[in-house]
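Trainee: Quick one: this structure, given as structure tokens, is what I'll be asking you about.
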Amino acid sequence: MVKKIIFGFTLALLCGVCFAQQARVAVAPFTATSGNAASDAETIAEIFGLELQAKNVVRVYTRGNIMAVMSENKFQMSDLSSDEKTASLGKAANADWVVRGQVQKLGAVVVVTASLLDVNTLEIMGGAPMYLNAIEEAAIKMGDFITTITQRITSGTGAQAASQRPRSGASAVGIGIEVSTVFGGTLYFQDEEVTTLWDNDSYTIPIERPGTYRIRMVFGNGGEISRNVTITSRGIAKEAFAPPPPPSNVRVGTISGTGIELNWNPAGQGLSYRIYSGTSDNPVGASFAGTTTGTNYRVSSLRSSTDYYFWVSSQEGPLEGDKGQVVTAKTTPPTPPQNVRVGTISGTGIELNWNPAGQGLSYRIYYGASNNPAGASFAGTTAGTSYRVTNLRPLTDYYFWVSSQEGPVEGGKGQMVTAKTIIGIGDIGPGGGLVFYDKGNNSDGWRYLEAAPASAEFSAVWGLARTSVSGTNTGIGTGKRNTEILAGRGGTAAQRCRALNTGGCQDWFLPSKDELDLMYKNLKAKGLGGFTNYYWSSSEANSREAWLQGFSKGNQFNYTKGDVSSVRAVRAF
């Protein structure tokens with residue numbers, strides 16, 4: 001972006017007397033402030049001297065001449081701030097006038113000011129602003145500007161007329177408002193134009209009686225400031241339009257992973273404040289964070305675990321002061337997400353969900369078989385707010401933690417949640433067989449039915465031929481009780497199921513008629529379990545027969561108790 005420059009300076013030397021007598025003018029080096037490059041100040045000073053010299057109305061000692069005199073007299077750049085020392089420099093250079101200039105930054109605008117010091121009287125004159133879109137335009141526009149000034153002077157207007165107007169003077173009753181300004185513009189009193197003030201100029205408005213009066217300055221860059229001044233007694237009330245001082249006691253408030261709060265004491269009435277931040281203690285490279293009319297501001301969208309530096313300047317209308325004191329603070333690591341909760345659960349996976357902890361974060365998921373986060377295993381990472389941990393063991397209690405991460409910085413693991421995996425139809429059960437039924441909840445001490453592995457299958461008679469056994473049932477959940485009744489009466493198939501020890505389990509039983517049918521539908525029909533043809537149930541049909549099921553087509557029918565058929569034991573858990 002091309003930087004805009006306001007260029008205002010004093011040319012009171014260009015009066016009729018100066019022209020006639022070829023006044024001698026020394027152009028001193030311009031100083032650079034507010035972080036502007038010193039080369040910019042040198043360029044402006046050089047162009048100023050050359051353009052002034054080109055008019056051939058004064059004798060000009062350019063920067064090269066004056067630098068030699070400064071070196072010879074051990075004159076420092078800081079001495080230019082003193083009128084007396086500057087006058088002594090002018091006399092040493094045999095000059096009548098010394099031009100001093102300064103390049104500084106006013107908000108987003110670069111301002112170049114120049115003033116002309118009378119070596120003999122120490123009188124300082126000022127000029128009107130000139131706008132430059134680039135320093136390269138200075139040679140063109142500055143020449144036109146100086147021509148305009150000389151024309152006004154020869155006609156009795158412009159700088160000469162400005163220098164002749166009264167600079168002070170109370171009214172007949174001894175009351176006035178002395179208005180001073182750092183930057184030139186137009187002064188209004190009670191909304192009526194009074195006069196034009198140049199840079200570092202002043203004017204006293206006479207007041208007839210006590211009261212409250214409105215004054216307004218409209219600056220060269222278009223900005224303006226209005227103030228009410230109350231006069232209660234004789235004397236001169238002073239009102240200065242200058243960049244306001246920075247606020248005092250700038251301090252750090254609450255800190256998070258992405259934001260830091262700043263607080264400060266107000267620097268005056270009617271001010272706003274501009275906040276700057278950076279990752280070094282150099283205010284030149286600081287970024288604009290925001291503005292407020294209050295005395296606190298939260299700088300957001302920061303990186304976690306990062307050192308930041310902050311400055312706060314005061315602003316009144318278009319006038320912004322210095323950035324003031326620097327304060328520093330470090331953001332915290334990113335906070336863990338809140339409301340971590342369990343979603344869907346299966347035999348080998350558990351889903352987690354949570355609320356986001358901020359913008360631009362990712363999340364790391366940990367899990368373990370104990371509630372100690374130090375021993376937790378890393379499961380994975382995501383930029384979303386849900387994650388499914390897989391490859392878990394069925395029917396196992398697990399503990400989970402979720403941390404937030406920003407770039408390479410990871411925060412704490414946060415809250416713990418726990419959940420237990422379930423088991424699905426067709427999954428391997430605790431006894432090494434296959435689960436074929438899930439009733440959906442744990443009641444009466446069990447939820448699932450598991451068929452014994454094919455290696456534990458055997459053949460046997462049902463037993464208790466021509467014997468009626470009361471108490472057996474056909475429903476789901478009745479096989480275990482049926483088996484206890486039959487084994488107590490000497491039922492062969494039931495006794496062998498109770499004696500089965502496989503997969504570390506000894507609680508096997510002969511399934512009921514409906515349990516056997518579920519085993520067919522949920523396992524055999526899906527090609528699972530390694531089943532053969534016909535299987536006994538524990539449900540008696542009559543004194544001679546019990547229920548049998550064919551596993552080729554799934555048909556159930558009565559079959560003689562004394563015949564041999566296959567037996568696949570089951571267990572409930």
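The values are calculated or read from the model by the stated rules, or taken from the named source; none is laboratory data. Keep in mind that this is a model prediction, so the values were computed, not measured. Neighbour counts are summed over all protein chains in view; Cβ atoms, including those assigned to glycine, are modelled from backbone coordinates with ideal geometry. Remember, those area values only see protein heavy atoms, side chains included, never the ligands or the DNA or RNA. Shrake-Rupley method; radii C 1.70, N 1.55, O 1.52, S 1.80 Å.
Trainee: So what does Thr381 come to for accessible area, using a 1.4 Å probe and Å² rounded to 10?
Mentor: My reading of the accessible area for Thr381 is about 80 Å².
Trainee: Something else about it: Taking +1 at the Cβ of each Lys and Arg and -1 at the Cβ of each Asp and Glu, which of Thr483, Trp97, Val218 sits farthest along the dipole of the chain towards its positive end, judged by Cα position relative to the Cα centre?
Mentor: Working it through, the farthest residue towards the positive pole turns out to be Thr483.
Trainee: Another question, then. Could you check the simple spin-label distance between Glu42 and Ser468, using points 7 Å along Cα→Cβ, in nm with one decimal?
Mentor: 12.3
Trainee: Roughly how far apart, in whole Å, are the Cα centres of the stretch 472-517 and the stretch 230-295?
Mentor: About 85 Å separates the Cα centre of the stretch 472-517 from the one of the stretch 230-295.
Trainee: Enumerate the aspartates and glutamates that Lys323 could reach by cross-link, defined here as Cα to Cα under 13 Å, with residues fewer than 8 away along the same chain left out.
Mentor: Here the aspartates and glutamates satisfying the reach criterion relative to Lys323 are Asp281.
Trainee: Too long at a 21 Å Cα-Cα cut-off: which of Lys439/Lys480; Lys55/Lys91; Lys420/Lys524; Lys524/Lys553; Lys480/Lys561; Lys439/Lys526?
Mentor: Exceeds cut-off: Lys55/Lys91; Lys420/Lys524.
Trainee: Quickly estimate the mean residue ellipticity at 222 nm for the chain, helices only: each DSSP H run with n ≥ 4 gives -39500 (n - 2.57), and the total goes over all residues, rounded to 500.
Mentor: The per-residue figure over the chain is -5000 deg cm²/dmol.
Trainee: Please tell me the relative contact order of the stretch 222-380 in percent, rounded to the nearest whole number, where contacts are Cα pairs under 8 Å and at least six residues apart.
Mentor: 21
Trainee: I'd like the FRET efficiency for Thr232 and Ser280, computed as 1/(1 + (r/R0)^6) with the beta carbon distance as r and R0 of 51 Å, rounded to 0.05.
Mentor: Efficiency, rounded to the nearest 0.05: 0.55.
Trainee: On a 0 to 90 degree scale, rounded to 10, what angle separates helix 513-522 from the longest Cα axis of the chain?
Mentor: The angle comes out near 50 degrees.
Trainee: A follow-up question, please. Ranking request for peptides 190-197, 237-244: highest mean number of other beta-carbon atoms within 10 Å first, then the rest in descending order.
Mentor: 237-244, 190-197
Trainee: Using the charge dipole of the chain (Lys, Arg: +1 at Cβ; Asp, Glu: -1 at Cβ; taken about the Cα centre), state which of Trp462, Asn371, Tyr534 has its Cα farthest towards the positive end.
Mentor: Looking along the dipole axis, the top candidate is Trp462.
Trainee: Note the angle between two axes, namely the Cα long axis of helix 38-54 and the longest principal axis of the Cα atoms of the chain, as a number of degrees from 0 to 90, rounded to the nearest 10.
Mentor: 30
Trainee: Just reorder Ser180, Ser468 by solvent-accessible area, largest first, 1.4 Å probe, all chains present.
Mentor: Listed by decreasing accessible area, they come as Ser468, Ser180.
Trainee: Treating only the Cβ of Lys, Arg, Asp and Glu as charged (+1, +1, -1, -1), what charge dipole size does the chain show about its Cα centre? Round to the nearest 20 debye.
Mentor: 2420
Trainee: Once label points are set 7 Å from the Cα along Cα→Cβ at both Ser71 and Asn265, what is their separation, rounded to one decimal in nm?
Mentor: Each label point is offset 7 Å from its Cα along the Cβ direction, giving 4.8 nm.
Trainee: Run the numbers for Ser88 and Thr381: contour at 0.36 nm per residue of separation, minus the present Cα-Cα distance, in nm.
Mentor: Difference between extended and current length: 98.2 nm.
Trainee: Related question: Apply 1/(1 + (r/R0)^6) to the Cβ-Cβ distance of Ser78 and Arg341, taking R0 = 56 Å, and write down the FRET efficiency to the nearest 0.05.
Mentor: 0.25
Trainee: Please determine, in degrees from 0 to 90 and to the nearest 10, the orientation of helix 63-72 with respect to the longest principal axis defined by the Cα atoms of the chain, where the helix direction is its Cα long axis.
Mentor: 80
Trainee: Moving to a separate point now. Counting alpha carbon pairs within less than 8 Å and at least 6 residues apart, what relative contact order, in whole percent, applies to the chain?
Mentor: Once normalised by length, the contact order is 8 percent.
Trainee: Turning to a different aspect of this structure: Determine the dipole magnitude for the stretch 443-530: charges of +1 sit on the beta-carbon of Lys and Arg, -1 on that of Asp and Glu, nothing else is charged, the reference point is the Cα centre, and the result goes in debye to the nearest 20.
Mentor: With Lys and Arg at +1 and Asp and Glu at -1, about 180 debye.
Trainee: For Rg and Dmax of the Cα atoms in Å, pick the label among (1) 49.6, 185; (2) 26.3, 97; (3) 47.5, 149 that corresponds to the value derived from the coordinates.
Mentor: (3)
Trainee: Something else now. Any idea which of Leu500, Tyr203, Phe310 is furthest toward the positive side of the dipole for the chain, if Lys and Arg beta-carbons carry +1 and Asp and Glu beta-carbons -1?
Mentor: Leu500
Trainee: How big is the dipole moment of the stretch 351-422 about its Cα centre under a simple scheme where the beta carbon of each Lys and Arg is +1, that of each Asp and Glu is -1, and everything else is neutral? Debye, nearest 20, please.
Mentor: 180
Trainee: Taking 0.36 nm per residue of separation and subtracting the Cα-Cα distance, what length does fully extending Ser305 through Ile140 add?
Mentor: 54.2 nm
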